Structure formats: structure tokens, C-alpha cells
Amino acid sequence: MPFEPLERMETGRLLLRPLVPEDCQALFEQMLGNPETMRDLALARHTDAWQTHDYITESMVSWRYGTRFRYGLFGIDDGALCALIELTPRPPQVELGVTISRKGGNRRRRDGIAALRQLLDWLIAQPGIYRIFACCAVDGRAYSAMERLGFTREGTMVNYEARPNRQQVAADSFLYAMTRKVPQPEPVEAAVVAAVCDAIV
């Protein structure tokens, strides 16, 4: 069953929607070009807005082919970019990536956490999806929010990914996941089995 992405979601003061070319400057200045925001990520920090433009173009192509879905989380009142969210579906699981802006203060970050919870509730309930997982640096700042979002730490992956913004060619990551119960197939009644066998004979 193909994964059907969410097109748009409003959560109180925030709006979740796909990235568009007009987001390029904000995405570069507040996220992908910001040293503090990119510190612990496997993606190298962008040094100019053209790199970010290419990133958005690649995001739109991936969306069209259903391989990856990137969203921006924006303030409804001011349009400020609060977070970048990436979903990579490989049913029965989806990989989650989240980058949160260091701008906007504690209130905006709390709003962002609430929006993420709403998105995760929707995502884990989708047909064919039974697991959401995410990875984060063991010495970074993201892992502290994972359990608040409902994730369980499953383990540590040694030398899992490079962190170019910290000049690390390989570094450890925590693996977090949330799951839901897989429905069991309905038992086939003995009488039905017998009838099928009789029909074959």
C-alpha cells in the first residue's frame, strides 16, 4: 500500500506544509546556513542560498516520486520558519528527521513540540505504518526531546554517520522508535479449510 503524505496541517499557532522555492531565503538563513542549527546534523551546512535552492528543488522532486517528504513548520501569525521535518517512508516504517530553528524563543519551540506530537499521532495511525524511527547525536541537543514525543530509545549505533559540521568522519547516534501493534490475521475456520480441501479433491 503506497504511503499517502499529509498535504497540510494547522496546529494552533503553526502551519505544516511542503517546502516551496519561496522558502529558500528563510530556510538558508534560519536553518541550513546557521552553524548552531546544523551543528549535530549529517548534512553539511549550506554556504550560500543556491545550495538551499537546490535542496528545495530536490525536495519537490522526491515528493513527486513519493520517496521523501519534506515540510516546513511556519508561524501562522508571522510566517517565521520554526522547523524542518523530513519523512522517508519505507513501509512498514517511516524514518523521521527534524531540524528545529534556534530562533523564536521557548514559546515557539514548545509550539513546535506540540505540532510534532500531532504529526506523529497522525503518522503512526496511517495504513501500513507500524514503526517510526529517528536517530540523533549521542552528545547533541535533540535526544532530550525524543521521549517527550513518545519515542523509546532502542540502542546506540556506533560510528553511524558523519557529522561534517563538527569535522567528524564517523560518530555515534541514539536510535529512537515508536511502534503500534500489528493486527493479527483472522483465523481461518476449520470448516472453511475442510470445504476448500473437499473442493480440491
Out of all DSSP beta bridges in region 9-200, what portion is antiparallel? Express it as a percent rounded to 5.
90
Report the FRET efficiency, 1/(1 + (r/R0)^6), for Arg39 and Leu175, where r is their Cβ-Cβ distance and R0 is 22 Å, rounded to 0.05.
0.65
Cβ-based net charge around Arg153, under 15 Å, with every Lys or Arg adding one and every Asp or Glu removing one:
-2
Ellipticity estimate at 222 nm from DSSP helix runs (n ≥ 4, -39,500 (n - 2.57)) divided over the chain, nearest 500:
-8500 deg cm²/dmol
Hypothetical label at Asn159: residues of region 133-153 whose amide nitrogen lies under 14 Å (7 Å Cα-Cβ projection):
none
Dividing the mean separation of Cα pairs under 8 Å (6+ apart) by the residue count of the chain yields a relative contact order in percent of 19
Count charges around Phe133 for me, please; just the other residues with Cβ under 9 Å from its Cβ, Lys/Arg as +1, Asp/Glu as -1.
-1
Rough spin-label spacing in nm, given labels placed 7 Å along Cα→Cβ, for Ile113 and Val61
3.8
Residue order, fewest to most beta carbons within 10 Å, for Thr57, Thr179, Thr37
Thr57, Thr179, Thr37
Of the residues Ala44, Tyr143, Val182, the Cα lying farthest along the dipole of the chain towards its positive end, which is defined by charges on the beta carbon of Lys, Arg, Asp and Glu, belongs to Tyr143
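Here, each number is a calculation from the coordinates, and none is a lab measurement. Source: prediction; values computed, not measured. Heads up, the Cβs are rebuilt from the backbone with ideal geometry, glycines too, and the neighbour counts pull from every protein chain shown.
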